[in-house]
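The values are calculated or read from the model by the stated rules, or taken from the named source; none is laboratory data. Predicted model only: the values in this text are computed from it and were never measured. Virtual Cβ from ideal backbone geometry, glycine too; neighbours counted across all protein chains shown. Ligands, DNA and RNA are stripped out before the accessible areas are found, and what is left, the full protein with its side chains, is counted by its heavy atoms. Shrake-Rupley method; radii C 1.70, N 1.55, O 1.52, S 1.80 Å.
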Amino acid sequence: PALDNAPAIVVGSGYGGAVAALRLGQAGIRTIVLEMGRLWNSAGPDGKVFCSTTAPDHRSTWFRTRTEAPLATFLWLDLVNKDISPYPGVLDRVRFAHMSVYCGRGVGGGSLVNGGMAVTPLKSYFAEQFPTVDADEMYSTYYPRARSQLGVNPIDPAWFEATDWYRFSRVSRKHAERTGLRTTFVPNVYDFGHMQREEAGTAPKSALAAELLYGNNHGKRSLDKTYLAAAVGTGNVTIHTLERVSAIRLGEGGTYVVQTQRIDNAGNVVETKEYGCGYLFLGGGSVGTTELLLRARETGALPDLDASVGTGWGTNGNVMLGRANHLWDTVGAHQSTVPVMGIDDWANTANPVFAEIAPLPMGLEHWVSLYLAITKNQERATFSYSGGSLALSWTAAQSAVSSAMAKKLFDRINRANATIYRYDLFGGNRAFADDFTYHPLGGCVLGRATDDYGRVKGYSKLYVTDGSLVPGSLGVNPFVTITALAERTMARVLVEDTAP
Ligand code: FDA
């Protein structure tokens, strides 16, 4: 195959990839971004780019014949998932033996499908997780830079108190307060001004029309609207879509060769390509980047990669659960898809949990309070690569650690409010869904598999900028931290590594 050369290549267009692309482009370095998913900018026959969570179609899911939503049933009925035709849809569920990892596919990666919650962790916990990173500099320079470029904004508290669309959050807050627990507002990248106009009927509805998990047609500042738009605007960055990086190896004179497979909408490989580059940035996310590096190490393409590549992986302690409210505690048929509040019990050293109050927009009253809990689960797992496939050592017992912590907190809430769990939502009569994560973290941990700036050990001009740098736990939703760490890496690398 023909070798297409660029000074820099970025693998993946999620947070880590988008930051790298923008800062390379601004530095005048011609850069190609290789993304396995689609560019989501053209409308289907229904006039919409994305489908909603309540009427999922082929656009929802990455090459499946049926959708695989986290919340699979309602009243034990298989009402949620739908048969679909295979397509490069926007949400993927990567299944390992005892853990599924949800991730976004497309230009913008996870930003296309996530809840947009833009949370900065406690400085003390950040410092604990990243002992070699200057926390003062992160909190004075890189977190503010990330938040401003991502377009983070707060909800207007007065509107929050008044609107029907956040009744579900207010009910959960009341139940938390009754338990003596603290709640906190969580900022978001969804434009709350737009959301208020949706309610007023002066803007097209998206958050108020059950759109989120499979993309938002309006209102959300996903990366394609922020970092990536700015990157392409520099004139130096080109994004190639539906191109999956299958292998990386060393080229001549310290360069890298990146092999890709271009696919069509049916998933057929229509072209195999090779690119040469001087600088290679990996932003394929925790699973994507770790897989590429492990494959390179195990096949002998990059044999000097550190032994710690593949280790230090965790779920950020994710657990989902639902509570059944009393008949008088209605959560409302109207629910915004954008979460704006969390129950913050992280300071409880005996059982640290940060639980987001999650919406469940079904267009009818269902009396369910839903939560995504982030627990301080210290369990970690290791990826391995053999026979062409990636495996993850995470066990059900390791997940049980997360649900036990969530149970401790929510047992208190149930006791204080005389309520019970819902067992009908996740299949198998379970109250706790601990077999999937939205927050895959680690696999190529900062300061272990890389130096303190994401430079991959054993090689030069090879970098990791994504969630695989985070050692398994953050205590809050991760994308602001991933973005801020990538900003820190780029600031350093562009000064130190690219001097002529
Ligand atoms: P990310 O996964 O964003 O991007 C990786 C990109 O690389 C993808 O586009 C992928 O297709 C591409 N790629 C991978 N391998 C490739 C290869 N070999 N070749 C080419 N391309 C490749 N976080 C948060 O802070 N607040 C929130 O509210 C939420 N909510 C949430 C909900 C849901 C449903 C999910 C799935 C996730 C969240 N998250 C979240 C998590 C957040 O989205 C996640 O932490 C980040 O997207 C991770 O950013 P990365 O840059 O690591 O990778």
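Give the residue, chosen from THR67, THR54, that is among the β-branched types (Val, Ile, Thr) and open to solvent by 60 Å² or more (accessible area, probe 1.4 Å).
Of THR67, THR54, the one residue that is among the β-branched types (Val, Ile, Thr) and open to solvent by 60 Å² or more (accessible area, probe 1.4 Å) is THR54.
Consider GLU271 carefully, then state whether it is acidic (Asp, Glu), within 20 Å of GLY37 (Cβ to Cβ) and within 12 Å of the ligand (Cβ to nearest atom).
In short, no.
Just checking: which of the strands (runs of 3 or more DSSP E) contained wholly in the range 212-266 hold 2 or more residues that are among the aromatic types (Phe, Trp, Tyr) and away from the ligand (no atom under 14 Å from the Cβ)?
Ranges flagged: none.
Could you please let me know if ARG182 is under 19 Å from the mean Cα position of the chain (by Cα) and surrounded by fewer than 19 Cβ atoms within 10 Å (Cβ to Cβ)?
So ARG182 fails the test.
I need a count of the residues in the range 39-51 that are open to solvent by 40 Å² or more (accessible area, probe 1.4 Å) and in contact (Cβ under 8 Å) with a residue 12 or more places away in the chain.
3
Out of (1) closer than 26 Å to PHE410 by Cβ; (2) open to solvent by 10 Å² or more (accessible area, probe 1.4 Å), what's the single condition that is false for SER140?
All conditions pass for SER140, except number (1).
Within the range 295-363, which strands (runs of 3 or more DSSP E) (wholly inside it) include 2 or more residues that are open to solvent by 40 Å² or more (accessible area, probe 1.4 Å), modelled with pLDDT of 95 or more and within 15 Å of the ligand (Cβ to nearest atom)?
Answer list for the range 295-363: none.
Which ones in the range 96-123 are within 24 Å of ILE357 (Cα to Cα) and of a type in the set (Gly, Ala, Ser)?
SER100, GLY104, GLY109, GLY110, SER111, GLY115, GLY116, ALA118
Looking only at the range 145-164, decide whether some residue is on the phi > 0 side of the Ramachandran plot, away from the ligand (no atom under 16 Å from the Cβ) and assigned to a loop (DSSP other than H, G, I, E, B).
Among the residues of the range 145-164, not one is on the phi > 0 side of the Ramachandran plot, away from the ligand (no atom under 16 Å from the Cβ) and assigned to a loop (DSSP other than H, G, I, E, B), which makes the answer no.
Residues ASN414, ASN429: which one is outside any helix (DSSP H, G or I) and touching a Phe, Trp or Tyr at 6+ places or on another chain (Cβ under 9 Å)?
Of the residues listed, the single one that is outside any helix (DSSP H, G or I) and touching a Phe, Trp or Tyr at 6+ places or on another chain (Cβ under 9 Å) is ASN429.
List the number of the failed condition for ALA118; all other conditions in (1) touching a Pro at 6+ places or on another chain (Cβ under 6 Å); (2) open to solvent by 30 Å² or more (accessible area, probe 1.4 Å) hold.
The number of the failed condition is (2).
Which pairs have Cβ atoms under 7 Å, sit 6 or more apart or on different chains, and link a residue in the range 135-152 that is of a type in the set (S, T, N, Q) to one that is crowded, with 21+ Cβ neighbours inside 10 Å?
GLN149/TYR227
For (1) within 15 Å of the ligand (Cβ to nearest atom); (2) crowded, with 24+ Cβ neighbours inside 10 Å; (3) among the charged types (D, E, K, R), each residue gets a yes or a no:
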| site | (1), (2), (3) |
| --- | --- |
| TYR423 | no, no, no |
| ALA431 | no, no, no |
| ASP434 | no, yes, yes |
| VAL445 | yes, yes, no |
| VAL456 | no, yes, no |
| THR465 | yes, yes, no |
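Filter the range 199-211 down to the residues that are assigned to a loop (DSSP other than H, G, I, E, B) and not aliphatic (A, V, I, L, M) and list them by number.
If the condition is that a residue be assigned to a loop (DSSP other than H, G, I, E, B) and not aliphatic (A, V, I, L, M), then GLY201, THR202, PRO204, LYS205, SER206, GLU211 are the ones that fit.
GLY25 fails exactly one of the following numbered conditions: (1) outside any loop (DSSP other than H, G, I, E, B); (2) surrounded by fewer than 19 Cβ atoms within 10 Å (Cβ to Cβ); (3) more than 16 Å from the ligand (Cβ to nearest atom). What is the number of that condition?
(2)
Of the residues TYR227, TYR125, which single one is within 20 Å of ARG23 (Cβ to Cβ) and among the aromatic types (Phe, Trp, Tyr)?
TYR227
Please identify the pairs in which a residue from the range 203-216 that is within 22 Å of HIS58 (Cβ to Cβ) has its Cβ atom under 6 Å from the Cβ atom of a residue that is part of a helix (DSSP H, G or I), counting only partners at least 6 apart or on another chain.
Qualifying pairs under 6 Å: TYR214/SER60; GLY215/LEU112.
Quick check: anything in the range 127-144 within 18 Å of the chain's Cα centre (by Cα) and within 16 Å of the ligand (Cβ to nearest atom)?
Yes, because at least one residue in the range 127-144 is within 18 Å of the chain's Cα centre (by Cα) and within 16 Å of the ligand (Cβ to nearest atom).
Of everything in the range 1-60, what is within 30 Å of GLY363 (Cα to Cα) and of a type in the set (Phe, Trp, Tyr)? Give them in sequence order.
Of everything in the range 1-60, those that are within 30 Å of GLY363 (Cα to Cα) and of a type in the set (Phe, Trp, Tyr) turn out to be TRP40, PHE50.
Filter the range 70-79 for residues that are open to solvent by less than 40 Å² (accessible area, probe 1.4 Å) and either assigned to a loop (DSSP other than H, G, I, E, B) or at pLDDT 85 or above (or both) and give the result.
Within the range 70-79, PRO70, LEU71, ALA72, THR73 qualify.
Among (1) within 16 Å of the ligand (Cβ to nearest atom); (2) open to solvent by 10 Å² or more (accessible area, probe 1.4 Å); (3) assigned to a strand (DSSP E or B), where does PRO7 come up short?
It is condition (1) that PRO7 fails.
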